[in-house]
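See below for the structure under consideration.
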Amino acid sequence: MEKLTLEESKTYQLGILDSIDTFCKLNGIRYSIAYGTLLGAVRHHGFIPWDDDIDIVMPREDYSRFVSQYQDNHYVLLTGDKIANHLHVVVTDPSTFVEFKPGTSDALFYRGGVWVDVFPLDYVSKNEEKFELQKRQIAKRRILQRYGEISPVNSSDGGIRKAFKLIIHKFLSLLVALNGKASLKLMKKYNDENTGKVANLAVWYLKTNKAVPSEWFEQYVTLDFEGRKYQSISHYHDYLASLYGDYMKLPPPSRAST
């Protein structure tokens with residue numbers, strides 16, 4: 001398989017995002033580019049120079065519709081049961097394969113093509129202590145979630161070793177599936193209360209799942225990104241400021257390269 005350059009990988013991701021954008025518009029599904037992708041759109045009108053992925057978020061109601069309805073002849077939506085019960089979904093290009101450096105965490109935890117992350121937004125408690133408790137409870141469960149992603153065998157395995165690893169993987173997968181259901185229940189805990197605050201509780205790290213006003217996700221605009229136009233919440237300034245502070249200021253070179 002021919003190795004893709006970083007720029008070629010970005011082109012594949014844009015193709016996936018084009019598909020998601022078209023599908024959402026045709027079906028009245030709300031989404032917004034988010035995190036580094038949104039920051040890149042506002043500050044660079046495209047990818048942040050040192051960034052290499054695309055993230056979008058959807059209110060839970062729209063996310064559920066997207067997960068159950070999305071179809072494309074070229075791209076594939078992978079739900080949790082296909083990638084060890086991730087708490088979000090990814091849309092991938094199956095004509096590609098992402099290869100990570102051997103021995104790294106990512107090399108253990110992902111087997112698939114170039115992807116775009118799609119995250120749900122759930123209502124959370126207005127009480128900061130309850131919100132922090134909810135995050136901690138979900139964070140503990142993420143440890144088991146990730147173990148279920150480890151590929152059970154590799155080309156050097158054979159015989160008894162291969163059979164043993166398959167049995168262990170099957171057992172872990174069962175635990176992960178049950179754990180995933182419990183995690184989802186925790187994520188949806190306040191969705192019937194319309195608390196006025198929402199957060200992304202699906203990320204593996206907790207830095208970016210801050211609670212923000214749900215009204216920020218009611219009105220949308222389009223922003224330029226790599227010569228194309230994608231959907232963003234109209235409150236993107238407030239959203240980015242809540243995540244990054246003075247987001248228009250470039251980080252020092254040492255941080256930008258990491």
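For the range 63-70, state whether one or more residues are of a type in the set (D, E, K, R), in a helix (DSSP H, G or I) and at pLDDT 95 or above.
Yes: one or more hits.
If G113 passes every condition in (1) closer than 18 Å to A199 by Cα; (2) modelled with pLDDT under 95; (3) touching a Pro at 6+ places or on another chain (Cβ under 8 Å) but one, which one does it miss?
Evaluating G113 over (1) closer than 18 Å to A199 by Cα; (2) modelled with pLDDT under 95; (3) touching a Pro at 6+ places or on another chain (Cβ under 8 Å) leaves (1) as the failure.
Are any residues in the range 1-38 surrounded by fewer than 14 Cβ atoms within 10 Å (Cβ to Cβ), modelled with pLDDT of 95 or more and of a type in the set (A, V, I, L, M), and if so, which ones?
If the condition is that a residue be surrounded by fewer than 14 Cβ atoms within 10 Å (Cβ to Cβ), modelled with pLDDT of 95 or more and of a type in the set (A, V, I, L, M), then L26 is the only one that fits.
So D51 clears everything in (1) under 25 Å from V198 (Cα atoms); (2) part of a loop (DSSP other than H, G, I, E, B); (3) acidic (D, E) except one condition, right? Which one?
The failed condition is (1).
When you scan the range 1-38, how many residues do you find that are in a loop (DSSP other than H, G, I, E, B) and either closer than 27 Å to N209 by Cβ or touching an Asp or Glu at 6+ places or on another chain (Cβ under 7 Å) (or both)?
So the count comes out to 5.
Out of the range 194-210, which residues are modelled with pLDDT under 95, surrounded by 15 or more Cβ atoms within 10 Å (Cβ to Cβ) and either β-branched (V, I, T) or more than 17 Å from the chain's Cα centre (by Cα) (or both)?
Matches in the range 194-210: V203, T208.
Just give me the residues in the range 1-24 being in contact (Cβ under 8 Å) with a residue 24 or more places away in the chain and more than 16 Å from V89 (Cα to Cα), in sequence order. Walk me through how you get there before you give the answer.
Quick first cut of the range 1-24, residues in contact (Cβ under 8 Å) with a residue 24 or more places away in the chain only: 1, 4, 6, 9-10, 12-21, 23-24.
The answer is M1, L4, L6, S9, K10, Y12, L14, G15, D18.
Quick check on my filter: what residues within the range 39-68 are in contact with an Asp or Glu (Cβ under 8 Å, 6 or more places away or on another chain) and surrounded by 20 or more Cβ atoms within 10 Å (Cβ to Cβ)? Don't jump to the end; show me each part of the working.
Keep residues of the range 39-68 that are in contact with an Asp or Glu (Cβ under 8 Å, 6 or more places away or on another chain), which gives 40-41, 45-47, 53-56, 60.
Within the range 39-68, G40, A41, F47, I54, D55, I56 qualify.
Considering only residues of the range 80-97 that are part of a loop (DSSP other than H, G, I, E, B) and modelled with pLDDT of 75 or more, which is farthest from the chain's Cα centre (by Cα)?
Step by step, filter the range 80-97, then rank; the result is S95.
Show the residue pairs that are 6+ apart or on different chains and have beta-carbon atoms under 7 Å apart, the first residue being within the range 227-251 and of a type in the set (F, W, Y) and at pLDDT below 95, the second being crowded, with 18+ Cβ neighbours inside 10 Å and not in a loop (DSSP other than H, G, I, E, B).
Listed by first residue and then by second, the contacts come to Y244/L39; Y247/L39; Y247/L240.
Looking at H45 and the list (1) touching a residue at least 60 places away in the same chain (Cβ under 8 Å); (2) in contact with a helix residue (DSSP H, G or I) (Cβ under 7 Å, 6 or more places away or on another chain); (3) assigned to a loop (DSSP other than H, G, I, E, B), which single condition is not satisfied?
Unmet for H45, out of (1) touching a residue at least 60 places away in the same chain (Cβ under 8 Å); (2) in contact with a helix residue (DSSP H, G or I) (Cβ under 7 Å, 6 or more places away or on another chain); (3) assigned to a loop (DSSP other than H, G, I, E, B): (2).
Evaluate the range 172-192: report whether one residue or more is hydrophobic (A, V, I, L, M, F, W, C), within 25 Å of Q13 (Cβ to Cβ) and modelled with pLDDT under 75.
no
Restricting the search to the range 210-228, which residues are within 15 Å of I33 (Cβ to Cβ) and out of contact with any strand residue (DSSP E or B) (no Cβ under 9 Å at 6 or more places or on another chain)?
Scanning the range 210-228 gives E226, G227, R228.
Output the number of residues of the range 1-37 satisfying the condition of being in contact with a Leu (Cβ under 8 Å, 6 or more places away or on another chain) and more than 14 Å from I48 (Cβ to Cβ).
Looking only at that region, the number is 2.
The values are calculated or read from the model by the stated rules, or taken from the named source; none is laboratory data. From a predicted model like this one, the values you see are computed outputs, not experimental measurements. No Cβ is skipped: glycine too gets one built from the backbone with ideal geometry, and neighbour counts run over all protein chains shown.
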